[in-house]
Every structure is written in structure tokens, then in C-alpha cells.
Amino acid sequence: MHRISTLLLALLPLAMQAEIINITTPASSYVIEANEGKPLQTLYYGSPLSDAEAASLRDAGIPGRDTYPAFGNWPENETALSLTHPDGNMTLDLAVSGNASTRTAKDGGRIISIPMRDRHYPVEVTINFRTYPGNDITETWAEIRNDGRKPITLRRFDSAYLPVRRQGDTWLTSFYGGWANEARINNEPLTAGTKVIRNTDGLRNSHTEHAEAIISLDGRPAEDHGRVIGAALEYGGNYKLRIDTDPSDFHHFFAGINSDDASYRLKPGETFTTPPLALAYSDTGLGALSRSFHKWGREHRLNNGDKLHPILLNSWEGVYFNIDEPAMAGMMSDIAKLGGELFVMDDGWFGDRYQRNTDNAALGDWTVDTRKLPNGINGLINEAKKNNIKFGIWIEPEMTNSISRLYETHPEYIIKAANRTPIEGRGGTQLVLDLSNPKVQDLMFNMVDTLLSKYPDIAYIKWDANAPVMQYGSQYLSAEQQPELDIRMWRGLESVLNRIRAKYPDVMIQACASGGGRVNYGILPWFDEFWTSDNTDARQRINMQWGTSMFFPAIAMGSHVSVVPNHTTHAMTPLKYRTDVAMTGRMGFEMQPSRMSKEDYAFSAQALKCYRDTIRPIVQLGDLYRGISPYDNRGVATMTYVSPDKSEAVYFWFRTDTSYGNRLPRVTMKGLDPEATYVVTEMNRLPGSKNLPFEGKRFTGKSLMTIGLEIPAGTNYDSRVFLIRGV
Ligand code: DGJ
């Protein structure tokens, strides 16, 4: 059970009453001390404490750290908040100014808010914590309010600060990568100095670095042991995470909106609310930490995260911009025959005066190109209906091209600094629309609204974004608002997405941004899933999906079978390996099926059936237990997905090295019920493959998890999928 307890330490004189607030989830306690007239203090974040234990932290000599340190007094320390008062004073001196209040959210979650006020200036800072029923996530964020009569300037406005007591061997896990190389894992010991993880793209905030980090307190992070803290900043714009190891006893972790080149003018009476930081704690390693984020992601952060996702064919790698009616019809009929459920028409379907034949024109001109599609979208929808599948469509609403009707009529809608020539991106002509402008917000909403209301049978949108903010400046914002551009762009997008979701709650929307540029809990609430990467190479996908799975559930991970040679890496991976990897996420296809050989077609059809009928619910709605990591160079990578009641599991085994004669480890499964009896059956088998000796035999969960199974080493690029079913 999650609970928030506050207890007054009654022995103290009334004026000095200290309130110990114990914010608990099943696996964690976050303990703060609210002492009226003093700064709010953080005492503890770790495994769950009883209220009595929380109350005895001070007796044990545990020092408190300011929960939300502000710049001013002792300015040499890192701080979460920094501002300038109207009279030029740059200091803050915050103290708890009232009682903590708790309220219940619609989903049964509990929110606790503790107010602080500056001792002299009319600035109020409220610190909030939120828990979710049955979940192991604690969110925290700040609200900064100007109670005065003149504007104040916020110069740093982090979401949260977490003091992490030094343990002697503390590690940081962060994620980095770029286009076609997303979510690489970086593990490093935390040493003296400051480590910064940040994004400045303006839109695609999980290219370059990622807004999530893990701090491991017991040395190098491990899957099944050790104390670990996971943190995910829920923000779709530019962010900055930093961890400062100063000469004190602590590593100081800060996370928030990136304020390097931003500031915010807070008007009288206005409240600035920071995005939340989601925290989870596990004392049994990374696996449990990831499962906490996955469960919360499915239950509370993804749109419809608890419903199975369809198996789809996306047209991009199959035809690129060569969209036309016969090609689309052929693809629809092929994916339907294969047993798929949805077809998505990617880029290239729109443009009238300017045609979208390559990436240099027509973004913003969202009219169907009837030279390519004479019967329009309705023609395609009818075709989808004939094939008994659903229809989806690609759009890139935040962008235009300098070759477009939109830009010709509204050059003032683009992001551009005054007195500068705009910088153009993809195709030499791509421009970013200025979402801080309400007219641009309306334009964007109307575009999506028109599409979805005119064609109510559109079941899925692939929402792309293929450029960063390339020149800092808004033609809409006033001179003094220019430093607020990133923040206002993000708020503009949020408001458009809110309007879309209010009207179309159930249309599936995929967050794509040059591949995996929008894998972030700030953007996901409006989206059902994300496109993990434009790199569909199965071998590299194992690593990318491994990294992505640290925080994000399999149901959200678009994972498609594509052709060989792979379009990005040119690797020649067997079809079975490609389909097995695709099955570890939300499986789909990214190819022109008409070019498949008969054998490949037949193999894919049975693979798809096997995923749809058996594997999908376990992978998409079950719990992931990662096994041998592809990062550990042990020759294989393994993972077990287990149904919530542990009655079924799917075990994936991938060879990851190519050398002959390399001895591979015997592998064990994870997450099963040790007392239950299971039967193992190979799935997605190669035609003519022989039964392995252990197939059809009975094993206890315990023996599968301790002795494991001896899987033949096979050859380069071998892979296996086993169904482990309780009897
Ligand atoms: C980038 C995406 O990541 C691709 O999947 C594809 O949709 C292209 N954009 C289309 O331009």
C-alpha cells in the first residue's frame, strides 16, 4: 500500500514543531521534515520505513539537506532554484510557511504539498509529492509563485533535488546516442565533480542524451541485486540532469528544465509549475526498478497503455516517398494476408502545389496528393476495410518546408531570430513552426482535427518530428519573452495535444522523432507508443531496446521486421532472428512484403500468428526480467517476459557474437513461480527444426531459474523463443 504519513514530534515546544512526512510506496520511503519557519529538509529516500523508523532518523544522526535548495545564502552550493527579485536582489531565503496538505487524485493517488515562503520577499514555493495506488513511483515537483506586484525573473527552476548519501562505490547509469543509434547505456562510477546530462534540441529530447538516470549505491549496477534509484524527468522539452559530487558526504542530484539559455519572467500572481521528476527505488537491482517504471508507464503514463497494440506494416522502408494507390493497396492486402491488423502510410502522401516526392517540400500542406492517390484517403480506407485491417497515417505537424504553401502564406509562423536568415534543416528546406504562437497552435490542432473528423476511420497516427530548433528566436514572442521560447513551445505543444486527446482519446498515436527522438515520459501521456529507432538492424536493436527497456515498457516500443541487407547497417541477418527481435517489443513490419520470397512469406505468416495468439499478451502486458545483457559480451542476450499471474512466460535467447567455437553460458529463466510446474515449447521455429530434448518435459519454476536449460550454441545469428507454460 502507498501511504503518506505525517507525524508531529510532540516533545518539541509547539513553536518548533517538526512534522516528519513519510511518503511510502510498496518498495520505498521518501522522508522529509517540515519545520515551520525553517527550510524543508529531505532526510531519506530508500527502502520502506515504518513511521516510527522515519521518526527516529534524526536520532540516528541522519543530517537533513534542503529539499529544494535555493540560490543566495551559501552561494557556492549547487541549487535547484535561482531568481532575481524586482529590486535586483538575487537571494532567496525559504522557510516552511504552513502545514502540509494532502489530497487524493482521481486515480486514488495521494498528493502532498508543503508550502515555503521567502522570509522577506513575496515568493512562495510549494513542494509536491505524488504516489500512485499499487505503484512504486514517487513523483516530485515544485510550484513557484510570485505574490508580489512586480515581475520576478526565474533563472533556474529545477523540478527536484535528491541528496544521495555517499557509499564509497556509487555508480551512475545514463543513456546517450543519436539518430539510428539510440539508448546506449553508459555506466560510470561517480567521482568528484559534476556530471551533466542535458538536451538542447528543442524537440527531439531523447536524441543525444536521455532524461532518465539510475544511481546505484552498491557498486556497478546489476540486474538482480544492489540498491538503485531510478529518476525520469517527465518533460518533453530541453532538460538538464546534473549530479554534483562535492567534498560533502553527498552526491547532489538535480533535475529540471534546462535553464542554460532560458529564463522566465514570472508575472505578479503567476505560478510556475515545474515538470515532475518520477523516482523509483529498488534494493534488488535494475530489473525491479525497470518493472516499477513499466507498470506505472502502462497504468498511468501511456495513452491506453493497458490495451494490446496491433501488429502493423509501416510503408517507410518498403517504398519511402514512392506512395501511390497500387503500392498502398498491395501492402494492405499483403499485411492482411500475413495476419496483421493495421497498415500505416508513411511520408509522401500529401502536397498539391508542391509535391512531397522527397524530404524537401510540402510539410504544412496537408492535402492529399491526388496525382499519387486519385481516390484520396477514403480510397485507402475502403481498401483497408476490404482487407479487414485498420488504417493509419503519417504526419509531421510541428514542421514546414520553405517550399510549401504554408510558408509562402505565413512566413511569420516559423522559428527564426530577428534580423537573421532562417536556418533550414532536413532536405535543405525544413523549418520548425513556432508553437509559442497561439495561431500556430490552432493551425496544428485544426490540421489534426480536420484529418480525424473527415476520416473517422483513421485508427493510428505516426506523429513525426525531424528537425531541432535550428535558430533560437520567436517571431511571435516579445523581446522580453525570448528567453522563454523553449518553455512556451513545449506548453504550446501540450495544449494542442490536450485538445486532440480531449476529442480523440482512442486514436492510437505513435511518437516518432527521426526515430527514437521522443522516448520520454513527458511526451508519452498523449501517445500510445514510440518508434524506437530508424535503425531496424535486429542485432543493434537488441542493445537499443535493452537500453530503452530500463525505463520504458515493451508495449510502447515499436519494433519492426525489415529486409536484408539492412538499410542502415547493411547486415544480413536471418529472418528468424529479425522476427524474434521484433517480438520482444510491439511487433510490426517495415518493408515491401511483395518482394518477399514464398518461404519468407510463409515463415512471417506463422511468426505473426505465433506473436498475435500467444506471445503478444505476455510481452506487451507482462513483466520483463532481463537476463544476460548484450553489453556484457557473453555471447548471448536473454530475456524472460512473465504474465502477471506467472502462469506463462516467453523466453528469448539471442546469439550476439559471431565467432566460431565460442562457449556460451547455460542460461536460466527468471520471474517464474518457483513452486509451479512448467512445460517448455519452442515457438517461431525454423521449418523442419527438431524438438530440443527438454521440450514437452516438466520443470519446476525453481529448476528453470536455477539449473536452467542447455540451449545448443548453433551458429552465428541463432536465436530461440520458448513458451514456458504452467501446467
Ligand atoms: C523519420 C522517421 O523516423 C521515419 O520512420 C520516417 O517516418 C521518416 N521520418 C519519414 O520522413
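The values are calculated or read from the model by the stated rules, or taken from the named source; none is laboratory data. Owing to the predicted nature of the structure, the values given are computational and were not obtained by experimental measurement. Neighbour counts run over all protein chains shown; Cβ positions are idealised from the backbone, glycine included.
Condition check ((1) within 32 Å of the chain's Cα centre (by Cα); (2) touching a residue at least 60 places away in the same chain (Cβ under 8 Å); (3) crowded, with 17+ Cβ neighbours inside 10 Å) across all residues:
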residue: 381; (1), (2), (3): yes, yes, yes
residue: 392; (1), (2), (3): yes, yes, yes
residue: 399; (1), (2), (3): yes, yes, yes
residue: 408; (1), (2), (3): no, no, no
residue: 412; (1), (2), (3): no, yes, no
residue: 419; (1), (2), (3): no, no, no
residue: 429; (1), (2), (3): yes, yes, yes
Seminar exercise, completed: Of the residues in region 304-330, those that are away from the ligand (no atom under 16 Å from the Cβ) and either under 23 Å from the mean Cα position of the chain (by Cα) or not charged (D, E, K, R) (or both) come to 304, 305, 306, 307, 308, 309, 310, 311, 326, 329, 330
Problem set entry | Residue list for region 375-412, restricted to those being in a loop (DSSP other than H, G, I, E, B) and on the phi < 0 side of the Ramachandran plot | 375, 387, 389, 396, 397, 398, 402, 403, 404, 410
For this session: Those residues that are touching a Cys at 6+ places or on another chain (Cβ under 8 Å) and of a type in the set (A, V, I, L, M), I need them from region 669-718; list them, please.
Result: 683
For this session: Note down all Cβ pairs under 7 Å where the first residue falls in region 519-540 and is free of Cβ contacts under 8 Å to residues at least 60 places away in the same chain, the second is of a type in the set (A, V, I, L, M, F, W, C) and surrounded by fewer than 24 Cβ atoms within 10 Å (Cβ to Cβ), and they're at least six residues apart or on different chains.
Result: 537/571
Problem set entry | Residue among 364, 339, 318, 305 that alone is at pLDDT 95 or above, within 30 Å of residue 618 (Cβ to Cβ) and touching a Leu at 6+ places or on another chain (Cβ under 6 Å) | 339
Problem set entry | Set 720, 685: member being in a strand (DSSP E or B) and modelled with pLDDT of 95 or more | 720
Seminar exercise, completed: Residue set 644, 687; condition free of Cβ contacts under 8 Å to residues at least 24 places away in the same chain and touching a helix residue (DSSP H, G or I) at 6+ places or on another chain (Cβ under 9 Å); output residue 644
Seminar exercise, completed: Note on region 132-151: residues in contact with a Pro (Cβ under 6 Å, 6 or more places away or on another chain), in a strand (DSSP E or B) and of a type outside the set (D, E, K, R) are 141, 146
Problem set entry | Matching entry among 251, 210, 294, 300 (being modelled with pLDDT of 95 or more, under 24 Å from the mean Cα position of the chain (by Cα) and more than 24 Å from residue 671 (Cα to Cα)) | 210
Exercise. In region 76-96, which residue that is touching a strand residue (DSSP E or B) at 6+ places or on another chain (Cβ under 7 Å) and part of a loop (DSSP other than H, G, I, E, B) is surrounded by the fewest Cβ atoms within 10 Å (Cβ to Cβ)?
Worked result: 90
Seminar exercise, completed: Taking region 62-103 and keeping only residues that are at pLDDT below 95 and among the aromatic types (Phe, Trp, Tyr), one is left with 74
For this session: Check off (1) among the aliphatic types (A, V, I, L, M); (2) over 23 Å from the mean Cα position of the chain (by Cα); (3) within 16 Å of the ligand (Cβ to nearest atom) for residue 465 and give me the number that stays unchecked.
Result: (2)
Exercise. Got a number for residues in region 58-75 being in contact with a strand residue (DSSP E or B) (Cβ under 7 Å, 6 or more places away or on another chain) and over 17 Å from residue 21 (Cα atoms)?
Worked result: 4
Seminar exercise, completed: Filtering region 456-480 down to residues that are more than 20 Å from residue 422 (Cβ to Cβ), touching a helix residue (DSSP H, G or I) at 6+ places or on another chain (Cβ under 7 Å) and either small (Gly, Ala, Ser) or surrounded by fewer than 16 Cβ atoms within 10 Å (Cβ to Cβ) (or both) yields 457
Exercise. Do you know which residues across region 511-542 are more than 16 Å from the ligand (Cβ to nearest atom), of a type outside the set (D, E, K, R) and part of a helix (DSSP H, G or I)?
Worked result: 524, 525, 526, 538, 542
Exercise. Consider residue 641 against the criteria (1) part of a helix (DSSP H, G or I); (2) under 17 Å from residue 726 (Cα atoms); (3) of a type outside the set (Asp, Glu); (4) out of contact with any Ser or Thr (no Cβ under 6 Å at 6 or more places or on another chain): it satisfies all of them except one. Which criterion is unmet?
Worked result: (1)
For this session: For residue 219, state whether it is assigned to a loop (DSSP other than H, G, I, E, B) and at positive phi.
Result: yes
Problem set entry | Test result for residue 684, crowded, with 21+ Cβ neighbours inside 10 Å and either small (Gly, Ala, Ser) or more than 27 Å from the chain's Cα centre (by Cα) (or both) | yes
Exercise. Is it true that residue 254 is part of a strand (DSSP E or B), buried (at least 22 other Cβ atoms within 10 Å of the Cβ) and aromatic (Phe, Trp, Tyr)?
Worked result: yes
For this session: Take region 481-532 and flag every residue that is under 25 Å from residue 156 (Cα atoms), β-branched (Val, Ile, Thr) and surrounded by 24 or more Cβ atoms within 10 Å (Cβ to Cβ).
Result: 519, 523
For this session: Working only within region 331-356, note down all residues that are assigned to a loop (DSSP other than H, G, I, E, B) and within 14 Å of the ligand (Cβ to nearest atom).
Result: 346, 347, 348, 349, 351, 356
Exercise. If you check residue 288 against the conditions, is it over 30 Å from residue 140 (Cα atoms), surrounded by fewer than 24 Cβ atoms within 10 Å (Cβ to Cβ) and at pLDDT 95 or above?
Worked result: no
Problem set entry | Tabulated pairs, region 59-81, first under 24 Å from residue 46 (Cβ atoms) and hydrophobic (A, V, I, L, M, F, W, C), second surrounded by 13 or more Cβ atoms within 10 Å (Cβ to Cβ) and at pLDDT 95 or above, C-beta under 6 angstrom, 6+ apart or interchain | 62/43; 80/68; 80/69; 80/158; 80/161; 80/254
For this session: Would you mention how many residues in region 421-459 are within 16 Å of the ligand (Cβ to nearest atom) and either of a type in the set (S, T, N, Q) or touching a His at 6+ places or on another chain (Cβ under 8 Å) (or both)?
Result: 2
Problem set entry | For residue 550: the one exception among (1) under 15 Å from residue 650 (Cβ atoms); (2) in contact with a helix residue (DSSP H, G or I) (Cβ under 6 Å, 6 or more places away or on another chain) | (1)
